[in-house]
């Protein structure tokens with residue numbers, strides 16, 4: 001994947017505003033999330049050949065069998081995390097780095113794990129050149145989390161797991177939230193998992209469609 005960091009201004013304000021309006025129509029209400037979605041240059045996190053479609057509300061391929069998530073889903077998951085006042089966030093599946101950038105714009109510390117080295121390197125380069133400094137990236141199996149810097153206020157998983165990795169729950173702070181798509185190629189649901197004094201509480205958020213979480217580095 002190639003990016004064009006010199007082309008930050010290549011998309012019109014009107015194009016980005018149309019995306020923000022679409023997100024409002026689909027139920028995103030947090031003004032800070034909407035502002036970030038309008039400002040973070042999504043076109044720089046994908047191949048130049050697809051950049052003209054960057055502000056459509058759809059997932060797009062970024063190579064290696066992966067996608068840049070649909071803007072609605074990025075906004076929805078971010079909004080859920082911000083509702084809890086999350087400041088220290090672990091992301092499983094850096095991918096292009098777009099969701100990472102949104103989190104960097106809205107939270108204090110972002111830790112992100114990616115298993116595909118070219119994506120890991122490209123995301124790091126793009127995030128650094130855009131000026132973000134409040135992140136750490138790791139090339140690793142995401143199902144293990146990143147215990148070294150835990151616990152986290154929130155953990156966000158951007159690929160679908162067959163079940164919830166136990167290691168991620170143990171890395172949540174008391175009261176923390178884990179957002180994870182769970183299921184297979186025909187049925188997935190986004191789960192919100194809370195670490196409470198009474199134990200682990202799972203809630204259904206909505207049906208989703210993510211690429212699968214792969215648990216080994218090839």
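The values are calculated or read from the model by the stated rules, or taken from the named source; none is laboratory data. Since the model is a prediction, treat every value here as computed from it, not as a measurement. Cβ atoms come from the backbone with ideal geometry, glycine included; neighbour counts cover every protein chain shown.
Out of (1) part of a strand (DSSP E or B); (2) more than 17 Å from the chain's Cα centre (by Cα), what's the single condition that is false for residue 138?
(2)
For the subset of the range 42-64 comprising residues that are surrounded by fewer than 18 Cβ atoms within 10 Å (Cβ to Cβ) and in contact (Cβ under 8 Å) with a residue 24 or more places away in the chain, which member is farthest from residue 158 (Cα to Cα)?
The extreme case among them is 48.
Got a number for residues in the range 166-208 being free of Cβ contacts under 8 Å to residues at least 60 places away in the same chain, assigned to a loop (DSSP other than H, G, I, E, B) and in contact with a strand residue (DSSP E or B) (Cβ under 8 Å, 6 or more places away or on another chain)?
The total comes to 4.
Within the range 78-87, how many residues turn out to be modelled with pLDDT of 95 or more and surrounded by 23 or more Cβ atoms within 10 Å (Cβ to Cβ)?
Qualifying residue count, the range 78-87: 1.
This table checks each residue for (1) closer than 20 Å to residue 84 by Cβ; (2) modelled with pLDDT under 95; (3) more than 18 Å from the chain's Cα centre (by Cα); (4) surrounded by 15 or more Cβ atoms within 10 Å (Cβ to Cβ).
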residue	(1), (2), (3), (4)
118	no, no, no, no
147	no, no, yes, no
179	yes, no, no, yes
195	yes, yes, yes, yes
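Every residue, every condition in (1) under 17 Å from residue 78 (Cβ atoms); (2) in contact with a strand residue (DSSP E or B) (Cβ under 6 Å, 6 or more places away or on another chain), yes or no:
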residue: 18; (1), (2): no, no
residue: 27; (1), (2): yes, no
residue: 37; (1), (2): yes, no
residue: 40; (1), (2): yes, no
residue: 46; (1), (2): no, yes
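So if I check each of 51, 75, 86, 59, which one is in contact with a strand residue (DSSP E or B) (Cβ under 9 Å, 6 or more places away or on another chain) and within 25 Å of residue 116 (Cβ to Cβ)?
Sole residue among the options that is in contact with a strand residue (DSSP E or B) (Cβ under 9 Å, 6 or more places away or on another chain) and within 25 Å of residue 116 (Cβ to Cβ): 59.
Could you please let me know if residue 67 is under 19 Å from residue 209 (Cα atoms), touching a residue at least 40 places away in the same chain (Cβ under 8 Å), surrounded by 22 or more Cβ atoms within 10 Å (Cβ to Cβ) and in contact with a strand residue (DSSP E or B) (Cβ under 9 Å, 6 or more places away or on another chain)?
no
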